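Working notes, beginning with the structure itself.
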Amino acid sequence: MDTVAMRDRVMRKVTWRLVPFLGLLYFINYLDRVNIGFAGPNGLTAELGMDQKAFGFASGIFFVGYLLLEVPSNLALHRFGARRWIARIMISWGIIATAMAFVPNATTLSVLRFLLGVAEAGFFPGIILYLTYWFPAYQRAKVVAQFMAAVAVSSAIGATVSSLLISYGDGVFGLSGWRFMFLAEGVPAILLAGVTWFFLTDRPSQAKWLTEAERAWLTEELAAEEKATEAKHGWTLRKALTSPRILALALVYFGIVYGLYALGFFLPTIIKGFEAQFGTAYTVVERGLINAVPYAIGAAVMIWWGRHGDRTGERTWHVALPALLGGLAIPIALYLGNPLAAMIAVTVCACGVLAAMPTFWALPTTFLSGAAAAGAIGLINSLGNLSGFVAPYLTGALADATGSQRTGLWLVGGAMLMSAVLVLALRRGNEHR
């Protein structure tokens, strides 16, 4: 069998074996992370006696725990293997997510949200690192896009799923609807932890589901690529964790993820505008379907853009261009009086945010490998996800100060434009070295 035929056959097998399952895990992960947003206005704040400030604190403290342990968790995955470590992460977060169904007060809720961040730390960057063990660099943007489509799916249907669980779960097991939602969405992580332990394979050399020739080809292909990367760049773990280049990449990711979290704030306003314009009220399912539109289109664009990036081999503009479009779309949406036109602008923003993310993760792995890659990916993800705490806090604070959402969402556009400019500056800096 010639090399091209072998490559296509092996990559097809590996993709179908790993990507759908990892996408399912990420879907559950993302839903457990954000479902507090659905619980808050549906009984949680009233039952626990929380004001908006306390609720915002409980929502955002997740990212503090997440930040603290991202790098150590990713290094542990590199050392102990993905199968064991990802299963450990999942059972930890599943237990904590389930325990949130029984919180007696706001303080306990905040503690559990902090611990949920600690438990989840390392999951997403761990998967990004794990994919580098299986896919050569020329296929990574495409496969990360396929994996990250779970974010779009979770964002698209998460509101509907969570709302239905709250509506129809009220009174089940004697629990309030929001408590039943936490219970129902926490248990799958625990169950899938066991599946993960037996289903995942740490390295291609251990894959019994590949033939001996396929294992040998993939192992040699990845080993040659890693050797070439180390010979050309030679990054140590210490250098990766202290490099201004890595910190700059974290800032790029911060701006992109800032846009992702902002979509969750602005979209309900657009949907409310539809109700006012057409003089109607939407059901839970109808609101969920409207909410799904930008994410569904964004997911398709993300997968196509990731494939395009791999095919051309270009990375920088595949991050900068969608970030630029997304950053411009949000301010435009603010000044469109027609909800349908505003929805189109928000959809463009969703496409920009989602398209930028997979190719972004192909950037650090072009010059990092081994422990350096594990540490740097964890650091970039943890610092970038600080936007999950900063975005809701600043958006709320600016809305309180100005009486409008516009200032906060101008900041969103600015953050994404910053990412576009900075990633282009990084390429220019590398060209002049």
**OP:** Evaluate the relative contact order of the chain (contact order divided by residue number), counting alpha-carbon pairs under 8 angstrom at least 6 apart; express in whole percent.
**Re:** 25
Subject >> Unit charges on C-beta of K, R, D, E only; dipole of segment 1-114, Debye >> reply: 620
Original post:
Once you put a point 7 Å from the Cα of ARG79 and another 7 Å from the Cα of TYR168, both along the Cβ direction, what distance in nm separates them?
Top reply: 4.6
**OP:** Please state, rounded to one decimal and in Å, the Kirkwood hydrodynamic radius that segment 23-69 gives when every pair of distinct Cα atoms enters the mean of 1/r.
**Re:** 11.8
Subject >> Accessible area of segment 142-214 belonging to carbon and sulfur atoms, whole % at 1.4 Å probe >> reply: 67
Original post:
Kirkwood hydrodynamic radius (Cα pairs, Å) of the chain?
Top reply: 22.2
Original post:
When N counts the residues of segment 183-223, how does its alpha-carbon radius of gyration compare numerically with 2.2 N^0.38 Å, as a ratio?
Top reply: 1.67
Original post:
Per residue and in Å³, how big is the convex hull formed by the alpha-carbon atoms of segment 1-122?
Top reply: 122
Original post:
Nearest 0.05, what FRET efficiency do ALA213 and GLU314 give at R0 = 30 Å with Cβ-Cβ as r?
Top reply: 0.40
Original post:
Given the alpha-carbon gyration tensor of segment 310-356, what are the semi-axes of its equivalent ellipsoid in whole angstrom, ordered largest first, with each equal to the square root of 5 times an eigenvalue?
Top reply: 26, 9, 5
**OP:** Classify segment 127-200 as rounded, prolate or oblate, taking a ≥ b ≥ c as the square roots of the eigenvalues of its Cα gyration tensor: rounded when a/c is under 1.5, otherwise prolate if a/b is larger than b/c and oblate if not.
**Re:** oblate
**OP:** Quick one: compute a quarter of the convex hull surface over the Cα atoms of segment 289-421 and quote it in nm².
**Re:** 9.1
Subject >> Nearest 10 degrees, 0 to 90: helix 284-312 Cα axis against the chain principal axis >> reply: 20
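The values are calculated or read from the model by the stated rules, or taken from the named source; none is laboratory data. From a predicted model like this one, the values you see are computed outputs, not experimental measurements. Methodologically, a virtual Cβ is constructed for each residue, glycine included, from the backbone with ideal geometry; neighbour enumeration extends over all protein chains shown. We work out accessible area using only protein heavy atoms, side chains counted, and drop any ligands, DNA or RNA first. Shrake-Rupley method; radii C 1.70, N 1.55, O 1.52, S 1.80 Å.
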